Amino acid sequence: MSVLVEQPWIAVLLPVVVSVLIAAAGRRLVAYTRWLALAGPLAVFATGIAGLGIADEAAPVISASWLAQGLDSISVGASVDALAAVMLVVVGLVSAMVVLFSVGYMAKDPAQARYFALISAFTAAMTGLVLSTTLVGLFASWELVGVCSYLLIGFWYRKPSAANAAMKAFLVTRVGDVGFLFGLALLWARTGTTDIAAINAGVGALPAGVATLAALLLFAGAAGKSAQFPLHIWLPEAMEGPTPVSALIHAATMVAAGVFMVSRMWPVFAASEAAMQTMLWIGLITAFGAAVAAIAQRDIKRVLAYSTISQLGFMFVALGAGQWQIAMFHLVTHAAFKALLFLGSGSVIHSAGTQDLHEMGGLGRLMPVTMITWVLGAGALAGIPPLAGFFSKDGIIHAAWVASPVAGTVLVLASLMTAFYITRATLLAFAGDFRGQGHPHESPWTMTVPLLVLAAGAAGLGFVGTGLAELLGGHAELESTVAIVSACVALFGVGLGWLAYRRGPATDLALESRLGSSYGAARAAFGVDAAVTRVFVRPARGVAEAVYEGVDRGLIDRAVNGIGRLFVGAGRIGTALQTGQIDLAAALIGAGIVFLTALVIGWGGR
């Protein structure tokens with residue numbers, strides 16, 4: 001058994017140490033220390049690979065008491081079981097590719113040391129989340145992931161849009177995290193433990209109402225982290241961070257945490273039919289609505305952002321349909337092709353100098369490696385056989401169809417739109433003539449090598465589905481009818497996208513002119529963000545401003561300032577008495593003696 005499996009804390013500690021070293025070395029040595037950032041992800045990847053080799057054995061658990069009060073204590077622990085091993089492989093590989101890509105992408109940024117230190121810290125936090133054997137440890141790592149994402153999304157903090165996006169991501173995800181925290185407290189109160197294995201084993205003894213409430217509270221946390229309706233509004237704004245950060249957040253770390261947590265706590269969710277139905281229909285709304293929104297975006301990164309929201313919706317539909325192993329399968333394939341697409345968009349932005357699809361075009365001839373790898377990722381996302389997304393997405397559609405024909409039908413339509421919008425983005429970026437300014441060129445090897453590695457995953461990971469499902473205790477079989485229908489729908493969506501956008505951006509302008517407000521509504525994601533701002537944010541801000549003016553400034557500040565003015569006045573009186581005249585000082589001393597003598601006599605008489 002590998003020492004990495006016996007001592008899994010190494011996979012958490014190493015990236016922490018690397019993060020400190022990079023930050024301490026600072027800007028002058030970052031050309032060398034940035035390569036250290038690869039050490040953490042590679043250790044995580046190696047731990048996952050070692051864990052896959054012992055998946056059938058009892059995974060050793062390393063635990064320690066963290067907080068103690070009398071005879072009670074809260075423990076934290078780490079273990080590499082089959083589910084953790086799969087997730088570690090995904091986190092480690094994608095994080096390593098993001099770091100390598102960042103060496104080229106961030107080469108001219110003066111704050112590289114801070115960037116690579118934060119990437120390493122992010123990797124450590126996500127690894128701690130995956131390895132945790134207690135809800136307390138999982139929640140602590142969960143929050144650290146949120147802090148790191150806040151710092152990375154707002155990395156260019158001098159830009160108001162980046163600072164606002166970071167704050168928005170932090171606050172919106174905290175809404176879900178409050179639910180998670182209450183769910184944790186409820187399970188602890190009812191089971192007497194925070195150990196995940198013990199909770200899962202004893203969930204059958206919980207009353208049905210308690211199990212449902214606990215599952216829904218945990219789902220609130222998952223919905224926030226994994227950007228499910230209506231808590232999805234933070235994710236499109238998160239594009240303000242550097243593009244490699246977007247790849248890391250969208251593919252293997254933050255947004256995957258919600259799906260992973262539900263899978264880890266599966267017996268709690270399986271005990272509640274209401275929670276399962278809630279996940280299914282929220283996931284369905286998210287998958288369909290985000291796919292429609294992606295069609296109308298001009299920013300290449302926002303297309304991919306809404307695509308991520310939609311694909312996460314697919315995963316929650318699978319969870320709601322009772323197939324968490326299929327959801328994890330799609331998480332794995334999605335990590336490969338979505339990281340590939342985000343890094344591909346970063347390569348395009350780095351070369352073309354723009355994120356606007358209307359200002360691109362013709363990049364296929366100028367950036368052949370980026371174009372070929374992008375097409376493989378786009379095909380996997382669209383569900384073109386035999387690429388990875390075809391196998392995992394079809395498993396979800398089949399599970400949804402069994403659970404509800406309505407859900408299955410809606411997912412088929414969402415798949416059609418997925419193939420359409422990614423074809424649109426591909427043609428606008430790589431086909432035709434270059435419509436922008438500058439001189440685009442292929443990216444350096446530090447950026448193209450990660451694209452090639454992830455392209456291999458996007459092409460071949462679909463064939464590991466059966467083995468992955470069996471490793472996790474389930475099964476994944478491709479249902480022939482669903483596979484044929486899904487492949488035809490994907491090809492139809494690609495063909496429709498080609499017919500519509502082979503002439504370039506003119507189609508967008510025509511659609512905008514013809515559809516008017518409907519097209520604008522799709523681009524604004526149906527105004528959910530604006531509605532949340534109007535219904536919740538503005539009233540909350542109004543209350544906060546009223547409390548600030550009325551209580552903080554009107555009451556507390558006045559009281560404090562009044563006390564200050566009182567003592568200032570007393571000081572001025574005392575200052576006036578300090579004249580330096582001996583006769584006045586003698587008179588005051590005499591008056592004081594008389595006053596104190598009278599006070600003593602009067603007090604003694606009592």
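The values are calculated or read from the model by the stated rules, or taken from the named source; none is laboratory data. Source: prediction; values computed, not measured. Heads up, the Cβs are rebuilt from the backbone with ideal geometry, glycines too, and the neighbour counts pull from every protein chain shown. Please note that ligands, DNA and RNA were not included when accessible areas were found on the heavy atoms of the full protein model with its side chains. Shrake-Rupley method; radii C 1.70, N 1.55, O 1.52, S 1.80 Å.
For the reader, a short list of remarks on this structure follows.
- Of the listed requirements (1) farther than 25 Å from G473 by Cβ; (2) surrounded by 17 or more Cβ atoms within 10 Å (Cβ to Cβ); (3) out of contact with any Leu (no Cβ under 6 Å at 6 or more places or on another chain), A43 misses just one: (3).
- Residue within segment 27-38 that is more than 18 Å from S120 (Cβ to Cβ), open to solvent by less than 80 Å² (accessible area, probe 1.4 Å), in contact (Cβ under 8 Å) with a residue 12 or more places away in the chain and assigned to a helix (DSSP H, G or I) present: no
- Residue pairs meeting the criteria (Cβ under 7 Å; at least 6 apart or on separate chains; first touching a residue at least 12 places away in the same chain (Cβ under 8 Å), in segment 262-289; second of a type in the set (K, R) and not in a helix (DSSP H, G or I)): none
- Yes/no for M417 being closer than 19 Å to A247 by Cβ and not hydroxyl-bearing (S, T, Y): no
- Residue list for segment 365-377, filter: open to solvent by less than 10 Å² (accessible area, probe 1.4 Å) and either hydrophobic (A, V, I, L, M, F, W, C) or more than 28 Å from the chain's Cα centre (by Cα) (or both): M367, W374
- Condition check for K301: open to solvent by less than 10 Å² (accessible area, probe 1.4 Å) and in contact with a His (Cβ under 6 Å, 6 or more places away or on another chain): no
- Exactly one residue among G362, G353, G389 is at pLDDT below 90, out of contact with any helix residue (DSSP H, G or I) (no Cβ under 7 Å at 6 or more places or on another chain) and within 30 Å of G527 (Cα to Cα), and that residue is G353.
- I349 being within 24 Å of the chain's Cα centre (by Cα) and within 27 Å of V406 (Cα to Cα): no
- Number of the condition not met by A169 [criteria: (1) crowded, with 24+ Cβ neighbours inside 10 Å; (2) without any contact (Cβ under 8 Å) to a residue 40 or more places away in the chain]: (2)
- Considering each residue of segment 75-91 in turn, none proves to be surrounded by fewer than 19 Cβ atoms within 10 Å (Cβ to Cβ) and among the charged types (D, E, K, R).
- Any hit, segment 201-215, residues being open to solvent by 10 Å² or more (accessible area, probe 1.4 Å), more than 18 Å from A274 (Cα to Cα), assigned to a helix (DSSP H, G or I) and not β-branched (V, I, T): yes
- All positions within segment 13-26 that are under 20 Å from L152 (Cβ atoms) and either open to solvent by 40 Å² or more (accessible area, probe 1.4 Å) or in a loop (DSSP other than H, G, I, E, B) (or both): L14, V16, V17, V20, L21, A23, A24, G26
- If you go through segment 86-114 and keep only what is aliphatic (A, V, I, L, M) and more than 20 Å from the chain's Cα centre (by Cα), you end up with L100, V103, M106, A107, A111, A113.
- L138 being more than 13 Å from the chain's Cα centre (by Cα) and not aromatic (F, W, Y): yes
- Residue, nearest to L357 (Cα to Cα), within segment 478-511, restricted to residues that are open to solvent by 80 Å² or more (accessible area, probe 1.4 Å) and in contact with a helix residue (DSSP H, G or I) (Cβ under 7 Å, 6 or more places away or on another chain): R502
- When G361 is tested against the conditions (1) on the phi > 0 side of the Ramachandran plot; (2) assigned to a helix (DSSP H, G or I), the lone failure is (2).
- Candidates T466, T446 - the one that is hydroxyl-bearing (S, T, Y), under 19 Å from V94 (Cα atoms) and under 28 Å from the mean Cα position of the chain (by Cα): T446
- Answer residue from segment 274-298, given it is open to solvent by less than 20 Å² (accessible area, probe 1.4 Å) and not in a helix (DSSP H, G or I) and is nearest to E240 (Cα to Cα) among those: Q297
- Of the criteria (1) within 25 Å of P236 (Cβ to Cβ); (2) out of contact with any strand residue (DSSP E or B) (no Cβ under 8 Å at 6 or more places or on another chain), which one L357 fails: (2)
- The single condition among (1) in a helix (DSSP H, G or I); (2) open to solvent by 10 Å² or more (accessible area, probe 1.4 Å); (3) not polar (S, T, N, Q) that F229 does not satisfy is (1).
- Leading residue by the ranking (farthest from W234 (Cα to Cα)) among those in segment 533-588 that are surrounded by 10 or more Cβ atoms within 10 Å (Cβ to Cβ) and acidic (D, E): D557
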